[in-house]
Structure formats: C-alpha cells, structure tokens
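Here the structure comes first, spelled out in structure tokens, and everything after it is commentary.
The values are calculated or read from the model by the stated rules, or taken from the named source; none is laboratory data. Keep in mind that this is a model prediction, so the values were computed, not measured. Every residue, glycine as well, gets a Cβ built from its backbone with ideal geometry; the counts of neighbours run over all protein chains shown. Remember, those area values only see protein heavy atoms, side chains included, never the ligands or the DNA or RNA. Shrake-Rupley method; radii C 1.70, N 1.55, O 1.52, S 1.80 Å.
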Amino acid sequence: MTIAPDAPAYTGPIAHLTRDDIEQLGRELDAIRQEVIDTRGERDAAYIHKVIKVQRSLELGSRAVLLASIFPPAFVVGTVGLSIAKILDNMEIGHNIMHGQWDWMRDPKIHSTVWEWDNASTSEGWKHSHNELHHTYTNIVGKDNDLGWGIMRVDEEQRWTPSSLFQPAMNFINMCIFEYGIAMYDLELGRVIRQKKKGRRPSAEWQMSAKRTLAKIRRQAFKDYVAHPLVSMVTLSGPTTLLANVIANFTRNVWTHSVIMCGHFPEGVETFELKDIPENETRGEWYVRQMLGSANISGSKFLHVMSGNLSHQIEHHIFPDLPSNRYAEIAPKVRALFEKYDLNYHSAPMPQQVASAWHKVLRLSLPNGFLESTNVRNAPSQAVKLVKAVRGDTRTRRRLLKEFEAAGAASIGKAL
Amino acid sequence: MAEISTSPALFAPGEARRPALRERLSRKVWGVAEKIATPLAPADYLDMFNPLRPGADLRGRVVKVTPETADAATIEIKPGADWNGHTPGQYVRVGVDVNGVRHWRAYSLTHGPRKDGLISITVKAVPDGKVSSHLVRRLSPGKIVHLEQAAGDFVLPSDLRGHKFLMVTAGSGVTPVIGMLRNLFPVTDEGVVEHQRLDVTVVHVAPSRPDSIFIRNLESLAEAGAIRLVTRYTGSEGRIDIDTLTELVPDLRERKAYACGPAGLLDNLQAWYDEAGLPLQTEQFRLATVVTSEGGTVAFTGKTVDAPGDRPILDAAEEAGVLMPSGCRMGICFGCVLPMKEGAVRDLRNGELTVARPGETGPEGVPIQTCISAAAGECVIDHPAS
C-alpha cells in the first residue's frame, strides 16, 4: 500500500484521512504516551520485579523437580514449569527489558544495555535487528527482516518463484527451531552467504558477532543438554531431564513463533513498499504505519503475560518503550482513536490469528490468485498449470502467473 | 577492622594446604553453578534468598527508623557481610528506589562502629527532596537499600594527643560530627563516659533549636563537660560571620578545625583560613545544582563538543566528528544510549530534564538516549571521542 493519502488515485485504508488528520492523530497518541510516562512509578517497578522473581523461582523450582524426573509426575510438572519459565524469560521479561521499557528505573541489573536472555540469539544482535530495523522499518518489504524473516514471500507484490512453494515447510521448520532461526537472521546469515558466493568476505565485525553467537549457543546448549542432565544422573534422571529440556525449548520455540506470527502476519494486516514511504516520514505517518501493520490477540491476563504483552502488538508498536504492563491499560484509549479515525483495529483470539497467519503463508506460497481461483472441480487442471509454471521457462511462467491473477480477481468479483 | 591472621605455624603441614584445596573446590562448584545459571549469574538466584550474603553486591536491610525532629529521622541499617567498616566522620552512599527509580545519595554515618554491627545515618527531609523525603517518611524496617563502602576523609587524626579541636556545623552538617563525638564519648545509662581528655569546641549553626538535629545530644555532651557547645540560632540571632566566630571562639587559631554545612558558609570559612594560612577540613553534602540553559557543551573522553539546546546530542557530536553509537534516531531503539556522568540533558520530545550529579548519581552514570536528548548545561559523557 502507499502511505501518502494525497497520492493520485489512492484507495488504501487511510484514503479518508487528510495530512492534518494524521498529524492530529499523532498528537493524540503522543498525549497517551505522555500520560503513561508521567504516571510511571512504584507500581510498575513492583510489577517487573515480581515477574522476574516468579520466573526465577519457577525456573529454579522446575529444574530442581526435574532432578527426580525419572518419576513421571515430576517429569510432567518440571517440564511444564521449565517451559513456562523459558517463555516468561523470553517474552515478558527479556523482550521488554531489551526494548528499554524498564530503563527508566535506572536499575543497573534490569537495563536494556546489560540484559541477556535464555535464547540462542545474543541480546546485542537481537537489539540491533529487532529494535533498530524491525521497529523502525515495520512491515516495509525488503527493509524489515521480521517480515517473512527474509525466507518467505509475505506480500502479493513480492515476486512468486517456484521456491515460494516451500515456504509453508520452511515456516514450520523455522517454528520448531525458532531460537536458532532468530540467531541466524540476527546475523543476517542469508545476506552473508549470498555475498560469500560472490566472493566477498564477511566483515571482521560480523565475524565477531558470529563468534559471540556461537559461544552463546554453546553455553545455552551446555546448560540445558549437558550440565542439568548430568546433575540429574544422581537419581538416574539424566535422560528424562535431557528430554524435559528439549521439550521446554521446543515449546518455547513454537509458542514465541506463533505469538510473533500473530503480530504482523494475519490476513488484513498491511505491508508497505519502501518507495511509498515519504522521505521524511512524520511522527504521525510513522504512527499510522505501526497502527495498520500490527495485529492484537484477545484473551486472558495469563495469555497477555505469556505473550510478553505482544498480544497488544498494536500498542507495543506505537509505543515500543512503554512498560508492557501498561499496554492493556491504554488499549481502550488506543482503540477509541482507531474508531475515531475510522481505522481497522485488528484483534482476534489466538487460534484465529494463528490460523489466519498460516493461511497467508500458504496462500502466498502459491502464485497470486491461485488459491482464490481454485475449487474442487478445477483442482486437477490448476495443479497441471502450476507444474507448468514451475517447470516452464520464464515467459511461460510469466504468462501463467498473469492468468492465475486474472482468474483470482474474476472469482473474487463473482463472489462479491 | 580486625584482621584474623592464620599463621601457618599453627597448622600441621598437611592441614596447611586444606584451605587452598577447599578454595579450589569451591571455585569449581561456582564454575558449575555459573554454567547452569547462564544467561543469568548464580548471584541472581542467591540474591533471592540472601541479599546480604558475602560476595553479593553491597546492600543493607533497614532495621529501625527513629524520628529525630519533625522532618528528620535516624535510619539504622544492617549492612551486607562485605561491609568493610568505617571511621567516624565518613559517609556512605545509599541507593534507594524512589517511585520505582534508583537514586543515590551520600549520608554521614552518625555512629562510630557499633557493637551490634549496624550502621546509622540521619536524614533531614529537605523541601522537594525526593530521596530525603522518601527515606524519612516512607522507608520501613525490612526494606533493602543499596550501599557503597564508607568513604571520605572528614575524619579525626589517628593520634588525638596534643590537639585542640573546633567543629563548625551548620544544619544537617552536624551529622558527621555527631558520628565523631559519639565515638569519642560513648554514652551509657550512667551518662557520658568521658574516657579521653579532649578539648573540643562545637559551634552549631541552625535556624532555631527545634530545627536542630542532635541538639539534645550536643547539649548533654556539653553538660557532662565533654565538649564546649556554642549555638547560633540564625532565626533570632542573625547570620554568623568570621568576626562573630572569632569572638565566640577566642583561641580559634590554635584549634584543628573541621566544618560541615552548606556551600556558602564553607566557602567563607575556607577563604578566611586560606588567608590566615591555616588548615581547614571541610565536608559538603550537595554540589551546586546544574545550571540549565539553552544548550551547552558535551565533554566526551578526549573531546568537548558544543551542543545547542534544540538539537540531539547525537547529531551535534557526529558533526563534530565523534564516532557515536546510533540506531533509529527517534528514541525507540536505545541503540544510542551512553552513560552521562555529570550534567543535564533535556528530552527533546517532552522537555523533561535528566540530571546527573557526581556523588549522587550511581558510579556508572545515568544512561541517556543521545538521539532525543539535547544538552542543558555542561555534560560529561563516558564515551571515547578519539
């Protein structure tokens, strides 16, 4: 979409807004932000201290229980506890502290510059790719690596290639090994490998980061897969402890991947083209991009904490540095602004958002219009065409892609 | 502090190696603990159970808060195991979270080293004083505060013989002096135990008697003949100047002088003593407030940059050729955060002022986002510029 409402023939979701509207909206959001900053204090500090204490107790307790994991009840309790502890560490604690949400407390132990999380990715690498790139260039195709993590087609305007067909499988694998996926894309491994093929050596700086990441992965793996099971050998619980750690890391991977998919991938969430972003994007325009490029998950308090309050992805993207416990509190005000300016506040329960995000991954793995124009009756012929598009030369493929697109548009027209 | 000497002669040859072995073993255990605790440190978990244990960051637990005057209170603290002790007259830097934000302040220790191992500070709630008000009115027994080791050279000489002393105290400047006096003249149920023959004159300056912290202690020491006390209540008797002081203390020049109080009084005294060629030991609590104006300068390690009040420090520094860490340049990514050791900056987004005062701000400085902060005075930022 384009972000500039005065561009000729613009029909996007903010076509009804004038430049003044957008700037006014920005000022109203600034006011909400200021109100939180003015009232930030003891209550908020007590909240993060409590979450950290709960997480550490849970981690310590679960690891202790797992020392007796040869007994099935201990195995179950310990594994569930450790999974929750790891999720809390990554989401409500790590992600948010590294965002600088708690820097205002001036606590040298709870600060974005010193925090390290229970994840393969180093906090330093993650802060660069997440805070600087993803939050600044949110949902700009090609600029924001989070959008498809550089391995997926997430927008109709991105070119379809036969390898796009693999993206549901790629996404599934990425989900299972998500912490390593994050580490790889924090290092921009794809880019470095492409450059290496062209004969360019990676910079010394990159090599340092890669070294640090490998060291971190080693430490993490040693803790979970060697040290803890070894201690458990005292009660012959080594193998079960190892299994518990594998399950906990896997659960954390699947959960965090799902939550993050819900934030920007569901159908209906806008993506942006770099050429459409004004050179000097104003604060108001930036806000609007965040508002339209994010989606919330509705649900219980427990879900909000377990998602690191990324269930309030919209609020988080508008105000990435406000304490996470405040997102739920300002959500009604933010939502009221969406209504006032007639914008779509994208919110749905988790199963719905996850399904929607996967639907998009699947839909875009196929040529534009393919899914829309395919039904039970024409499925065989469509499949044959798809195989032709994969096997055929560039000209054939281009022709077929155009056909799919036209057929898709036609079937949508018919449905309407 | 008493050192416990472990003479090797006291051990049989085999035993002498034992501590080393134990140390090696404990280091091993600690190493394993570190590997299991990663990415946290074992200390993070141990702190949950015992924040005052040996090896922990220095902290203290508030034991008792006793009101002294309407707006002052004495706070007794059990310091962590690694507390090194102190000399009367020294101060301790105390870190407390006020409204969720960590603040550090220096307070004189108002007792000599005590048998029960507690330390005490006496705090006067100053108007608009966030930290002092919090300590006097909101701190309760059981709370944990952060500490640094005692510091300061406002102490008596180790050999007191042959000295006559003058102590000029103004307002809460009495606190380090009361620490010295309590140590020199311990009070028991029978009254002041004068176990040293000393000639001490205390000149105490305060707005009025009820405003004076520790005035009863000073008066009872005077009644017991331990000290000569001269009070000057400026509310009724007017300000004190050097002429009045020499009148009140005729043998002023013969006395080893100590002074503690606000900057104005200390500056006047210092000037007079300098002129007279006499030594004066002073202690000041608060540094002059940071002047905030339109812009200012930013001193990096190796280079000082002029920084206007309406532009981010990041831009000004980069234009001056300083290699700065940077990120989103809009205040969201915290990729540009640097520690400010001293000075004031204004948040360009809302005009909020962030101030770092040496002595009050933590030793690591106040982290500021250079991309949204403009200088508001002379700032010192810990970052190499060359």
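Taken as Cα centroids, segment B:296-348 and segment B:121-153 sit 32 Å apart, rounded to the nearest whole angstrom.
If you run the Gaussian network model on chain B, springs between alpha carbon atoms under 10 Å, then out of B:Leu338, B:Leu21, B:Leu156 the most flexible one is B:Leu21.
All C-alpha pair distances within segment B:219-274, sorted into 5 Å bins from zero, spread as 4, 14, 24, 27, 20, 9, 2 percent across the bins.
Along its three principal directions, the equivalent ellipsoid of chain B from the Cα gyration tensor extends over semi-axes of 40, 34, 20 Å, largest first. Legend: Rg and Dmax of segment A:159-292, from Cα coordinates, 20.3, 64 Å. Taking the DSSP bridge list for the protein assembly as shown and keeping only pairs wholly inside it, about 60 percent are antiparallel. The convex hull of the Cα atoms of segment A:14-97, projected and averaged over all directions, covers 8.7 nm². Springs join every pair of Cα atoms under 10 Å in this Gaussian network model of chain A, and among A:Met91, A:Met233, A:Met350 the largest mean-square fluctuation is at A:Met233. Computed over neighbours whose Cβ is under 14 Å from that of B:His111, the net charge equals +2, Lys and Arg +1, Asp and Glu -1. Using alpha-carbon positions, what is the distance between the centroids of segment A:165-235 and segment B:356-386, in Å? Between the Cα centre of segment A:165-235 and that of segment B:356-386, the gap is 36 Å. Ranking B:Thr370, B:Thr282 by solvent-accessible area of protein heavy atoms (1.4 Å probe, all protein chains present), from largest to smallest, gives B:Thr282, B:Thr370. Look at the dipole of segment A:335-416 built from charges on Cβ: of A:Leu337, A:Ala407, A:Thr396, the Cα furthest out on the positive end belongs to A:Thr396.
Based only on Cα atoms, what Rg/Rh ratio does segment A:151-203 have, Rh being taken as Kirkwood's radius? Taking Rh as the inverse mean 1/r over Cα pairs, Rg/Rh reads 1.03. Against chain A, whose longest principal axis is taken from its Cα atoms, helix A:283-292 shows a tilt of about 90°.
Taking other residues whose beta carbon is less than 13 angstrom from the beta carbon of B:Phe300, and scoring Lys, Arg as +1 and Asp, Glu as -1, yields -3. Note on exposure: A:Trp206, B:Trp104 ranked by accessible area (1.4 Å probe, complete protein assembly) read A:Trp206, B:Trp104, with the most exposed listed first.
Please get the size of the charge dipole for the protein assembly as shown, origin at its Cα centre, with Cβ charges of +1 on Lys and Arg and -1 on Asp and Glu, quoted in debye to the nearest 20. Please report the intermediate quantities before stating the final value.
Working: 92 positive and 92 negative charges, 788 e Å.
Computed charge dipole of the protein assembly as shown: roughly 3780 debye.
Percent of C-alpha pairs per 10 Å bin in chain A, short distances first: 4, 19, 28, 26, 16, 7, 1, 0.
Just to be sure I understand the model, the point goes 7 Å from the Cα along the line to the Cβ. What's the resulting A:Cys176 to A:Ser411 distance in nm? Using points 7 Å along Cα→Cβ, the separation is 3.1 nm.
Helix A:350-365 axis versus longest C-alpha principal axis of chain A: approximately 50°, rounded to the nearest ten. Taking every lysine pair in segment B:24-183 that is 8 or more places apart or spans two chains, those with Cα atoms closer than 18 Å amount to 7. Considering every alpha-carbon pair of the protein assembly as shown, the percent of pairs per 10 Å bin, from zero through the bin containing the longest distance, is 2, 11, 17, 20, 18, 13, 9, 6, 3, 1, 1, 0.
For segment B:304-368, compute Rg over Rh where Rg is the Cα radius of gyration and Rh is the Kirkwood radius from the inverse mean 1/r over Cα pairs. Walk me through the numbers before you get to the answer.
Details: Rg = 12.0 Å, Rh = 12.6 Å.
Rg/Rh: 0.95.
Average 1/r across all pairs of distinct alpha carbons in segment A:310-355, invert it, and you get the Kirkwood radius: 11.3 Å.
Compute the helix-to-body angle for A:327-340: its Cα long axis versus the longest principal axis of chain A, expressed 0 to 90° and rounded to tens. The helix A:327-340 is inclined about 10 degrees to chain A.
Over 12 Å, how big is the tail of the calculated P(r) for segment A:34-78, in percent of all Cα pairs? Of all Cα-Cα pairs in segment A:34-78, 68 percent lie more than 12 Å apart.
Taking a straight Cα-Cα cut-off under 29 Å and skipping sequence neighbours fewer than 8 places away in the same chain, the lysines within cross-link reach of A:Lys385 are A:Lys360, A:Lys402, A:Lys414.
Across B:Asn84, B:Asn350, B:Asn99, mean-square fluctuation computed from a Gaussian network of chain B (C-alpha pairs under 10 Å connected) peaks at B:Asn350. Ranked from largest, the principal axis spans of the Cα set of segment B:197-297 equal 57, 36, 25 Å.
Kirkwood radius, segment A:200-252, all distinct C-alpha pairs, inverse of mean reciprocal distance: 12.7 Å. Remark: segment A:247-328 projects, on average over all directions, an area of 6.6 nm² (convex hull of Cα atoms).
Normalised Debye scattering of segment B:94-250 at q = 0.09 Å⁻¹ gives log10 I(q)/I(0) of -0.35, counting only Cα atoms as equal scatterers and leaving out solvent.
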